[in-house]
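Notes for the one structure printed next.
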Amino acid sequence: MAAMIEVQDLKKSYKETEAVKGISFEVEEGEIFGFLGPNGAGKSTTINMICTMLKPTSGSIVINGFNANKEKNDVRASIGLIFQENTLDEKLTANENLKLHCRFYNVPKNDRERRIQEVLHIVDLNDVRYKKVETFSGGMQRRLEIARGLLHYPRVLFLDEPTVGLDPQTRAHLWEYILKLKKEQGITMFLTTHYLDEAEISDRIAIMDQGGIIAVDSPEELKRQLGGDIIELSTSDNAQAEAEVQALLGESDEFTINDELIRLQVENSDAFISELIEALSVTITKLNIRKPTLNDVFLAFTGRDIGEATGT
Ligand SMILES: Nc1ncnc2c1ncn2[C@@H]1O[C@H](COP(=O)(O)OP(=O)(O)OP(=O)(O)O)[C@@H](O)[C@H]1O
């Protein structure tokens, strides 16, 4: 199967900043592709280039078989954008917002009524079709934006932090709709999010840092590559414990430490934990053993916790 998005050696420089440093990746048709990275990594710049809103310095982008540089209109017709900011006209009804979009995207006149009904049905908003958007809850507005993004039958949906500012229940609902779209319409999704539980839904995740892509794989594989178990502990004297853990692990093994928590990764915690307890002269006040999470993956690749790295 041909890739739905093909990015090759893509670069973007702003005066002094090399924001995107020659990245290459492919997104398969029908997959949810998560795009993660710390603030300033180059994610927005990359997405804006893929969506034809920003001209690359060099490199090539092909979407749905169309070249983003030479066939902008075909690319735009192939994609739907659902960004963080609400771009609906709140003074208009849902119906009016959708009709406007049909006009912008040249949806044939005879098709408009059928498509509006179709997309409203997908997001369960048929009942409020003739109500003003300003009377909608945040979640309903988001659903209407998704409906609008689907009106011109895009093959790829770009979802840029689609659930920011929504309560957990609305987030969960919205995800049900997004997954339904993937399943029923086979739409490819390009997703950025700071919520790791959402990123976990992706078929594959790319991690971007300092203008480059440093990992691309399924969430399971990324976690598996990290391997072993994560041990987190606090002690009565973490500085002393740090020296003792280092002596036990040897120079080559890595672990992270901050004021409260020593975090280390070992092949097999069962075998290691008794050695650790024996090696420590200080009292252990907290001990937690777990499998790696996506946050550990993020930390391993970028050196930062996703919360710190994205200011969330
Ligand atoms: N218009 C611009 N002019 C100059 N520099 C820019 C411009 N837009 C972005 N940059 C720089 O390019 C780099 C990448 O920025 P970008 O916004 O793509 O990162 P990001 O990963 O999307 O970050 P965030 O998660 O904060 O949105 C940063 O160093 C940023 O300061």
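The values are calculated or read from the model by the stated rules, or taken from the named source; none is laboratory data. Since the structure is predicted, the reported quantities are computational estimates derived from the model, not experimental observations. When we count neighbours, we look across all protein chains shown, and the Cβ atoms used for this are built from the backbone with ideal geometry, even at glycine.
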Matching residues, segment 266-297, being within 14 Å of residue 246 (Cβ to Cβ) and either without any contact (Cβ under 8 Å) to a residue 40 or more places away in the chain or of a type in the set (S, T, N, Q) (or both): 266, 275, 279, 281
Single unsatisfied condition, residue 310 versus (1) surrounded by fewer than 17 Cβ atoms within 10 Å (Cβ to Cβ); (2) touching a residue at least 40 places away in the same chain (Cβ under 8 Å): (1)
Residue within segment 84-92 that is within 16 Å of the ligand (Cβ to nearest atom), among the polar types (S, T, N, Q) and outside any strand (DSSP E or B) present: yes
Total residues in segment 18-63, condition charged (D, E, K, R) and under 18 Å from residue 215 (Cβ atoms): 5
Residue in segment 214-225 that is surrounded by 15 or more Cβ atoms within 10 Å (Cβ to Cβ) and within 23 Å of residue 78 (Cα to Cα) present: no
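Yes or no, residue by residue, for (1) among the hydrophobic types (A, V, I, L, M, F, W, C); (2) outside the structural domain of residue 74 (by TED's automatic domain parsing); (3) in contact with a Phe, Trp or Tyr (Cβ under 8 Å, 6 or more places away or on another chain); (4) farther than 26 Å from residue 73 by Cβ:
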residue: 93; (1), (2), (3), (4): no, no, yes, yes
residue: 96; (1), (2), (3), (4): no, no, no, no
residue: 104; (1), (2), (3), (4): yes, no, no, no
residue: 108; (1), (2), (3), (4): no, no, no, no
residue: 120; (1), (2), (3), (4): yes, no, no, yes
residue: 123; (1), (2), (3), (4): yes, no, yes, yes
residue: 133; (1), (2), (3), (4): yes, no, no, yes
Leading residue by the ranking (surrounded by the most Cβ atoms within 10 Å (Cβ to Cβ)) among those in segment 44-83 that are touching a Ser or Thr at 6+ places or on another chain (Cβ under 9 Å), in contact (Cβ under 8 Å) with a residue 60 or more places away in the chain and part of a loop (DSSP other than H, G, I, E, B): 64
Hits in segment 1-30 (condition: touching a residue at least 60 places away in the same chain (Cβ under 8 Å) and more than 16 Å from the ligand (Cβ to nearest atom)): 2, 4, 5, 24, 27, 28, 29, 30
Qualifying positions in segment 32-54 - among the hydroxyl-bearing types (Ser, Thr, Tyr) and near the ligand (Cβ under 6 Å from one of its atoms): 44, 45
Selection count where residues are within 16 Å of the ligand (Cβ to nearest atom) and without any contact (Cβ under 8 Å) to a residue 60 or more places away in the chain, scope segment 153-164: 1
